[in-house]
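All remarks here apply to the structure that follows.
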């Protein structure tokens, strides 16, 4: 089986999903050619699993104060360069073309009249799920940024739509819950926006990941530089997670049974919608402000009784592709959600229409 797989490289979540899929493909001996765009090649890290991947400028989201500016993204993008990059991607000779919200390979396939399977959290927004702040332009942008012919969405719940559970990477770390230990990852906030609030709770230990040169401890506040191994260790042994309302980290927290407080980035429709979904499902608490009052109310609350334990979605997707990749994913959807239902702590709401 030979596959072309495009990945939007501006966010770590997309690359994380790609790593999970790369390992699943390697297990069955599939040949995968990877296309990444959205940042300079030397800005990618820990990319050995992707071999000699292709890299293009693509389209980088314009942001202001952590808020994605969709119109500005379109206006500041180098469309001529994008078109040249699209022409460079060879989409011939592949059994499947898969895309995770990556525009260069998606438009190359569309230009050649090829079918594209989109596997991403963004594709869940093609369907009737909890949404906040959606409008015509945002909806058009989400559909046309990286066009696909078969959108396969990923989410924490199926919402009676053709949506699969999240891709969560298997871990070799033991999953424990150290009382009053919390992981803090707010990528659009600086230490000055985070530390003063945490100082008010000296009985708790906070492990705060920020772009610093070296780790240091300031009493009960432990500042750490970005490190995948260190981050995973702290994630697996903490009691709860404080983070933005993205998709990957909350998915891992839910999977591991961690208490969850999210602050959606202002103006990001995806994050605001994720925050609403988390609260509707009872998987976490959302807040507009990272302040002492919110922490005082949330920190004493008990963590979930049990981890969610999402199934091996990557393996199931690869098996589905090996069997032909039918455009009707209802069988795959039922299989995966039923695996969650088989757990003693399964949420009965998952049974609805699956």
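Being closer than 26 Å to residue 273 by Cβ, outside the structural domain of residue 45 (by TED's automatic domain parsing) and out of contact with any helix residue (DSSP H, G or I) (no Cβ under 9 Å at 6 or more places or on another chain), is that true of even one residue in region 205-218? No, the conditions are met nowhere in region 205-218. When region 142-158 is filtered for residues that are more than 30 Å from residue 234 (Cα to Cα) and touching a helix residue (DSSP H, G or I) at 6+ places or on another chain (Cβ under 8 Å), the ones remaining, listed by number, are 142, 143, 145, 146, 147, 148, 151, 152.
Look at residue 92 and say whether it is surrounded by fewer than 15 Cβ atoms within 10 Å (Cβ to Cβ), in contact (Cβ under 8 Å) with a residue 12 or more places away in the chain and outside the structural domain of residue 282 (by TED's automatic domain parsing).
Values: surrounded by fewer than 15 Cβ atoms within 10 Å (Cβ to Cβ): yes; in contact (Cβ under 8 Å) with a residue 12 or more places away in the chain: yes; outside the structural domain of residue 282 (by TED's automatic domain parsing): yes.
Answer is yes for this residue.
Just so you know, in region 174-199 the residues that are touching a helix residue (DSSP H, G or I) at 6+ places or on another chain (Cβ under 6 Å) and outside any loop (DSSP other than H, G, I, E, B) include one that is farthest from residue 234 (Cα to Cα), and it is 197.
Look through 128, 192 and report the one residue that is surrounded by fewer than 19 Cβ atoms within 10 Å (Cβ to Cβ), modelled with pLDDT of 90 or more and over 20 Å from the mean Cα position of the chain (by Cα). So that I can check it myself, show each step before the final result.
Numbers: 128 fails: over 20 Å from the mean Cα position of the chain (by Cα).
Matching residue, one of 128, 192: 192.
May I ask you to say which residue of 277, 266, 293 is out of contact with any helix residue (DSSP H, G or I) (no Cβ under 6 Å at 6 or more places or on another chain) and free of Cβ contacts under 8 Å to residues at least 40 places away in the same chain? Full working, then the answer.
Values: 277 fails: free of Cβ contacts under 8 Å to residues at least 40 places away in the same chain; 266 fails: free of Cβ contacts under 8 Å to residues at least 40 places away in the same chain.
Among 277, 266, 293, only 293 is out of contact with any helix residue (DSSP H, G or I) (no Cβ under 6 Å at 6 or more places or on another chain) and free of Cβ contacts under 8 Å to residues at least 40 places away in the same chain.
In a residue-by-residue description of region 54-66, the property of being at pLDDT 95 or above, buried (at least 17 other Cβ atoms within 10 Å of the Cβ), in contact with a helix residue (DSSP H, G or I) (Cβ under 9 Å, 6 or more places away or on another chain) and closer than 14 Å to residue 3 by Cβ applies to no position. Taking the criterion of being more than 21 Å from the chain's Cα centre (by Cα) and on the phi < 0 side of the Ramachandran plot, the residues of region 208-220 that qualify are 212, 213, 214, 215, 216, 217, 218, 220. Pairs meeting the criteria (first residue in region 322-342 and free of Cβ contacts under 8 Å to residues at least 40 places away in the same chain, second residue not in a loop (DSSP other than H, G, I, E, B), beta carbons under 8 Å, at least 6 apart or on different chains) are 326/320; 335/316; 341/350; 341/351. Considering 156, 107, the condition of being modelled with pLDDT of 90 or more, buried (at least 18 other Cβ atoms within 10 Å of the Cβ) and in a loop (DSSP other than H, G, I, E, B) is satisfied by 156 alone. In region 324-337, of all residues being out of contact with any helix residue (DSSP H, G or I) (no Cβ under 9 Å at 6 or more places or on another chain) and outside any loop (DSSP other than H, G, I, E, B), the one that is modelled with the lowest pLDDT corresponds to 330. The residues on offer are 161, 197, and the sole one that is without any contact (Cβ under 8 Å) to a residue 60 or more places away in the chain and either surrounded by 13 or more Cβ atoms within 10 Å (Cβ to Cβ) or over 16 Å from the mean Cα position of the chain (by Cα) (or both) is 161. Every listed requirement among (1) assigned to a loop (DSSP other than H, G, I, E, B); (2) modelled with pLDDT under 90 is met by residue 71 save one, (1). The set of residues in region 90-104 that are farther than 14 Å from residue 123 by Cβ and assigned to a loop (DSSP other than H, G, I, E, B) comprises 90, 91, 92, 93, 94, 95. Here the helices (runs of 4 or more DSSP H) wholly within region 213-323 that include at least 2 residues being surrounded by 14 or more Cβ atoms within 10 Å (Cβ to Cβ) and in contact with a strand residue (DSSP E or B) (Cβ under 7 Å, 6 or more places away or on another chain) are 228-237, 248-256, 269-281, 313-322.
Going by what's in this entry, would residue 202 be described as surrounded by fewer than 16 Cβ atoms within 10 Å (Cβ to Cβ) and touching a helix residue (DSSP H, G or I) at 6+ places or on another chain (Cβ under 9 Å)?
It is false that residue 202 is surrounded by fewer than 16 Cβ atoms within 10 Å (Cβ to Cβ) and touching a helix residue (DSSP H, G or I) at 6+ places or on another chain (Cβ under 9 Å).
The values are calculated or read from the model by the stated rules, or taken from the named source; none is laboratory data. All of these numbers come straight from a predicted model, not from anything done at the bench. So basically every Cβ, Gly included, is an ideal-geometry build from the backbone, and we count neighbours across all protein chains shown.
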